[in-house]
2 protein chains.
Amino acid sequence: MFSLKEKLDAVFYPRSVVVIGASGDFSKVSGRPLKFLLNQGYKGNLYAINPRYKDINGIKCYPDLTSLPEVPDLAVIILPAPAVTRVIEEAAGFGLKAALIITSGFAEMGGEGRKLQEKIKEIARTTGIAVCGPNSAGIINASNGMAATISQVIEKKVFKSGNAAFITQSGAFGTFITALAQDMNIGFKYYVSTGNEVDVEMSDYIEYILEDPEIRVVAAYIEGLRNGKKFARIAERAAELGKAIVAIKVGRTERGAKAAQSHTASITGVDEIYDGIFKQKGVIRAEDERDLLDIISVFQNEPWPAGNGVGIITMSGGAGVLLTDSCYRNGLEVPELQPETIAELKGKLPPFSALENPVDITGQFLSDPDLLKYCILAMDRDKGIHSIVLFMGLILEKGKQVSQDITKLVKQISKPLYVVWIAGPEDAIADLRKSGVTVFTSPVSCVKAIATLFSHQQFVQETKEDKGKELLLASKKEECCREAKSNLLQKQGFLTEYAGKKILASYGISVPKGELAKSLTEALSVAREIGYPVCLKVQSPDIMHKTEAGVVRLNISDDDQLTKAYDDVIRNAVKYKPSAVIEGVIVEKMAEKGYEIIIGVLNDQDFGPVLMYGMGGIFIEVIKDVSYMLAPLTYRDAEKMISSTKAVKILKGARGGFVGDVDAIIDVLLKVSKLAYDFKDSLEEIDINPILVHEKGKGVTAVDCLFKLKVNS
Amino acid sequence: MFSLKEKLDAVFYPRSVVVIGASGDFSKVSGRPLKFLLNQGYKGNLYAINPRYKDINGIKCYPDLTSLPEVPDLAVIILPAPAVTRVIEEAAGFGLKAALIITSGFAEMGGEGRKLQEKIKEIARTTGIAVCGPNSAGIINASNGMAATISQVIEKKVFKSGNAAFITQSGAFGTFITALAQDMNIGFKYYVSTGNEVDVEMSDYIEYILEDPEIRVVAAYIEGLRNGKKFARIAERAAELGKAIVAIKVGRTERGAKAAQSHTASITGVDEIYDGIFKQKGVIRAEDERDLLDIISVFQNEPWPAGNGVGIITMSGGAGVLLTDSCYRNGLEVPELQPETIAELKGKLPPFSALENPVDITGQFLSDPDLLKYCILAMDRDKGIHSIVLFMGLILEKGKQVSQDITKLVKQISKPLYVVWIAGPEDAIADLRKSGVTVFTSPVSCVKAIATLFSHQQFVQETKEDKGKELLLASKKEECCREAKSNLLQKQGFLTEYAGKKILASYGISVPKGELAKSLTEALSVAREIGYPVCLKVQSPDIMHKTEAGVVRLNISDDDQLTKAYDDVIRNAVKYKPSAVIEGVIVEKMAEKGYEIIIGVLNDQDFGPVLMYGMGGIFIEVIKDVSYMLAPLTYRDAEKMISSTKAVKILKGARGGFVGDVDAIIDVLLKVSKLAYDFKDSLEEIDINPILVHEKGKGVTAVDCLFKLKVNS
């Protein structure tokens, strides 16, 4: 069997390609792959298989695979769907490493198509041939002319290569986005339409492409991920490499509506999970194709800004104000100029220009070209400024000249310069882009893109500094107490609170002192031992909602109260559900007061265990102030889960409250993360609700919990 | 003196125009107004004043105003700044109705320029001549060629007219935006660069233009408003007319940092006030120029959608998903097709197209043009659909043909159709726009614009239904008790809580029962009369922060406690501020428990009294969950102030709490609004904090209040 790398080498860097089912008529869709491979100058050996032709435009045609003079690396298949399975089988048998199926008519059609696709999946699995598609608009490697595609984005021009790549789950929309990118002089070295992903999927392509040292940024259009865990891992790899993944994620459907028992499950949608994991792993989420392309365009040109200070040079005061507003809204700054910069510019600006940031040069620079030079060079030397934004608009006569001037200046400076140019002329903008200058056609989108680049760099830096991840990954499974293991590995469905707390305790999570009592006598003895006040809670696998059932009593302060309460809760339990199996009653020390937080776990079918964190009460219920991240968490992840909620102000003592023990929350998040990761094969949901957060230094107490385990069918 | 209408008639519809200071060299900036008036075909009498020429391009030149054969309506002045004042004076004397000063070098330069501008202001005031500018890039009326401008947006083409207008406080940025609009085939009937607004200001232009029956939408670029109250009134007029004002508002500076005593003042920034008032009055706030133009383009073409159901026809499944996502995010729906529609389409769509919304027609429609027709006509008949979005992308060959097909179909249907067309070809898009079809170049921006249009229509409708505004405007001043009047009209600085509550009570706002006691004996007698439990609060104009000073005691339940508490608070008051004048001690019935809300008033220098509303505690302090509106409020305004906060869920009984008396909050908001409006000349700030909201039907109680009155200097 070949490795993924070998297989995808065969896809992106094939020494030879055979197109199976190529039409001799290049105006037909089935003629396109061969046409484009020729147009884009693919240099490897190129063959066609079509029994009806001898050759197509100089490419020799063979009747079948076995007649070929060599075993090609890649087969591009554009036969009708029913013919595909046989050909794939043959190709695998003949020793091909990879096949790209352009043909549609598979799972997306349902019925027979779905069956054909299953068959292909089986062939890929058993023979080890890599299968891309089916129903793919094709794959392009712009660096070697490997344009095995029907996408008309390369109909008229040579496809521009660069340091970006684009993987799309929509063929048509992907094509349009790619066309826009080409117009903006964004170079996609690789373009992949993933199709139905029968075998090679989104994350596989990204994984392969990220390792190309030339690539800085990978863009993706995602409707759904086959393998969320892998995607998350690859996102980590991108950060490790200092690269970026930018994705449009569409399809905001709700999570499969299983009867949600836990609070966590009931308030969580698919989109929240994606959002949380994207943030955790540094995947940049783009709102739409404009946003995507703007972000790629700041990433593709280096240098990148070393800080958040923006110097603005503008030919419109109004645009300067808008740019400044937008910087502050997006976490960037527009610092005052340094005294040396002011000294340097003094006397060089026209009388109406104030020596301030933004510098308003008005249209004056058109008759005084040195003005632009003075300002750009001065800002390049100003140590408070890390990137320069130059605003231009509607230059009727001298557009081309201005383009040239800017291009020259960009080469003389060491900081990134971004041009915002609205209302043309188009050719001047195109010239600028061709010479490698980053140009935006709207001020706010420029600022947003710079801010995204800057915060991604910060993310990469922080990730590097985030030590100890290995430690956190080490399993605790072996250390944890026997009871936890037997509960989590052998039981199914819901655990009682008592069983759940034992598990929490075995992971070092603080729970109130207490015991399970099987009789009033036992209850009284436990209460006396741990000391009043205590609470009572009936334990039954058949009663999940204890408060609702009336089987909880709090603040019991002596033997008499306990005796009465014990009677009450037992009676209520029997009344609530006569058939309920009652395991006993927890007698538990009342916990010290504290802020209520909730930590939840959802074992997502795509991503695996996802943690939810939030402050109880208004924050979760009314404003949905929660954060999500994938287990296992790093220390910094846990910190961010807390700091990204608005309620963090409360924990820090806003409104005269005490300062909560945030370190202890981090600790418990890490422990729950371990637990969830260790037992990811058994767990479905955990709700630890509430956890009381005490004063700084005094820890937290998990007061109630609900474990839902997978039911093996 | 002329009315504003007469003056602005002279500006926008002058029967004759004289350009003063026109250069004979049309390549110079000072040559442009005359050049553009000629180019754009201005039909009125046109004169120039320049002693150096006999005529300029066929326009007769005069040495001065008095030599002219008639009194022109409008003078366009492009003389150096120092020469302008004399000319304006002459023009006013000569009987001209209006002057437009293009020249810069006035207040924007400071110093001497500021003085010159003051002089012009004085001339305008005393003579009644309307002055536009100075430092204006000019004014255009595209319907009659009145292009008195230096803006090069009309250098090369005839300026397209239409049913939109654009008023800008930035000359250059305004020009660029106008150029973009022209490219998008958006017609600005009026274009105004307001310049320094020495006389005629932003709101004046909007007021005049709104009354033009042809105008549907007025766009504005705003850095600051000279007259916020007028702007608010004009926004109301726009809604009354069913028209829209769309504005970019930049310059997010903080409010002048007066020592903020009230809570309301301390948490409020300029931008929040603008945001609140824009929402209240239905002014649409655009984020940037793209957003502005997208919104104008949906407003300019009728019909407008009659509901929020969107039918999507797409040549890309991916784009369909993105459009659908975006609809739901923005309050629109993508309903399932009606059974009749499905029946109608059955057999007409290609086999791979599901009979659902979005309809994915793929590229197939290019070879089967009827496909488009079937889908569009079927959706036009579907009663769940109120607007149709058609997504197109990268059509290489048949772009022009597709444009024509769409244009034809648009004429056959009764619902609005919006085209999203990305990646060109440009000429096909331009054709579509020229034939009056609304085209967007990005899917999300299309959806946002439709959503904006739809919610503005709802706003207009609701405003129409919002009766009783007149009632609310009727002054209560005369009815209110003598004490309130004397306090609010004669005092300065802070009022004591006792005085404040009397005023609230006189406006019918419920405050706890209580009296001011001047001695312990009086206090005891008051307490016995109103009944325990009571609270005590020392009243002193010198002690604003009573809790901090320790002069408040709550929950006093009998004579003994009262005696002790009385002693305590008096002693604390003296200790806190030995010089404090103590007017007495409020003895007040303890209020029933309730949700805490805050109602505040800020008398903004630009807008007048602005109300703030929010729920106390976490909502205001931690998440800044507050709303702002201008007094006087209508009933619906008050409702919206409450419903637009997140905390409204609490008032409705979220989390098992009681249902609060929202009607009573509306009532108190209306009463505070009246009070603030009645005494807008005396008030600076009011803080009613907290107001306790009791159970539905049981009203509210204002527990504490702080009035800050203007200090007349």
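Below are the figures for this structure:
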quantity: Average partner coverage of A:654-665, which counts Cβ from other chains inside 10 Å; calculated: 1
quantity: Set of lysines with alpha-carbon distance to A:K398 below 21 Å, sequence-local pairs under 8 removed; calculated: A:K373, A:K408, A:K411, A:K434, B:K28, B:K35, B:K156, B:K157
quantity: Charge dipole of region A:92-140 about the Cα centre (unit charges at C-beta), most positive-ward option of A:F94, A:G105, A:G138; calculated: A:F94
quantity: Between 0 and 90°, nearest 10: helix A:171-183 axis offset from chain A longest Cα axis; calculated: 50 degrees
quantity: Percent RCO, i.e. relative contact order, over region A:158-205, from Cα pairs under 8 Å lying at least 6 residues apart; calculated: 49 percent
quantity: For region A:571-589 versus region A:111-132, the gap between their alpha-carbon centres in whole angstrom; calculated: 54 Å
quantity: Net charge dipole size for region A:494-607 [Lys, Arg +1 and Asp, Glu -1 on Cβ; Debye, nearest 20]; calculated: 160 debye
quantity: At R0 = 45 Å, FRET efficiency that the Cβ-Cβ distance of A:L554 and B:E529 yields, to 0.05; calculated: 0.65
quantity: Radius 11 Å from Cβ of A:N572, net charge of other residues (Lys, Arg +1; Asp, Glu -1); calculated: +2
quantity: Net charge contributed by nearby residues that have their C-beta within less than 11 Å of A:E89 (K/R +1, D/E -1); calculated: 0
quantity: Over 20 Å between alpha carbons, listed pairs B:K546/B:K575; A:K249/A:K649; A:K281/B:K646; B:K485/B:K680; A:K7/A:K281; calculated: A:K249/A:K649; A:K281/B:K646; A:K7/A:K281
quantity: Rounded to whole Å, sorted largest first: equivalent-ellipsoid semi-axes of region A:424-583, Cα gyration tensor; calculated: 60, 21, 16
quantity: Of A:A238, A:F12, A:V71, farthest towards positive along the dipole that unit charges on Lys, Arg, Asp, Glu beta carbons give chain A; calculated: A:V71
quantity: For residues of B:614-626, the mean tally of beta carbons on other chains within 10 Å; calculated: 4
quantity: Average beta-carbon neighbours from other chains, 10 Å sphere, peptide B:163-173; calculated: 4
quantity: Between 0 and 90°, nearest 10: helix B:520-530 axis offset from chain B longest Cα axis; calculated: 70 degrees
quantity: Debye, to nearest 20: dipole size of chain A, +1 on Lys, Arg Cβ, -1 on Asp, Glu Cβ; calculated: 880 debye
quantity: Along each principal axis, Cα extent of chain B, largest first, Å; calculated: 95, 79, 36
quantity: Where chymotrypsin sites (Phe, Trp or Tyr not before Pro) fall in DSSP loop in region B:488-542, at most 13 other Cβ within 10 Å; calculated: none
quantity: Label-point gap, in nm, between A:L489 and A:Q458 - each point 7 angstrom along Cα→Cβ; calculated: 4.5 nm
quantity: Summed residue charge, Cβ within 13 Å of B:V693's Cβ, Lys/Arg positive, Asp/Glu negative; calculated: -2
quantity: Helix A:370-381 vs. chain A, principal-axis angle (Cα, 0 to 90°, nearest 10); calculated: 40 degrees
quantity: Residue-normalised accessible area of the protein assembly as shown, expressed per residue, 1.4 Å probe, Å²; calculated: 39 Å²
quantity: Alpha-carbon centroids, region B:593-609 and region B:388-460: separation in whole Å; calculated: 44 Å
quantity: Residues in region B:318-345 occluded by at least 40 Å² - accessible area, probe radius 1.4 Å, against chain by itself; calculated: B:G318, B:V321, B:L322, B:D325, B:R329
quantity: Average Cα contact separation per residue, chain B, under 8 Å, 6 or more apart, as relative contact order %; calculated: 9 percent
quantity: Peptide ranges B:382-390, A:362-370 listed from the most packed, as the mean C-beta count within 10 angstrom indicates; calculated: B:382-390, A:362-370
quantity: Long pairs among A:K229/A:K279; A:K518/A:K564; A:K577/A:K671, criterion Cα-Cα beyond 24 Å; calculated: A:K577/A:K671
quantity: Sequence ranges A:47-58, A:683-694, ranked by mean other-Cβ count within 10 angstrom, highest first; calculated: A:683-694, A:47-58
quantity: Accessible area that becomes buried as B packs against A, both chains, 1.4 Å probe, Å², nearest 100; calculated: 4800 Å²
quantity: Within the accessible area of region A:50-125 (1.4 Å probe), percent carbon and sulfur; calculated: 52 percent
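The values are calculated or read from the model by the stated rules, or taken from the named source; none is laboratory data. In this text the structure is predicted, and so the values were computed from the model without any measurement. Here the Cβ is made from the backbone with ideal geometry for all residues, glycine too, and neighbour counts use every protein chain on show. For the accessible areas, the whole protein counts, side chains as well, though only heavy atoms, and no ligand, DNA or RNA atoms are used. Shrake-Rupley method; radii C 1.70, N 1.55, O 1.52, S 1.80 Å.
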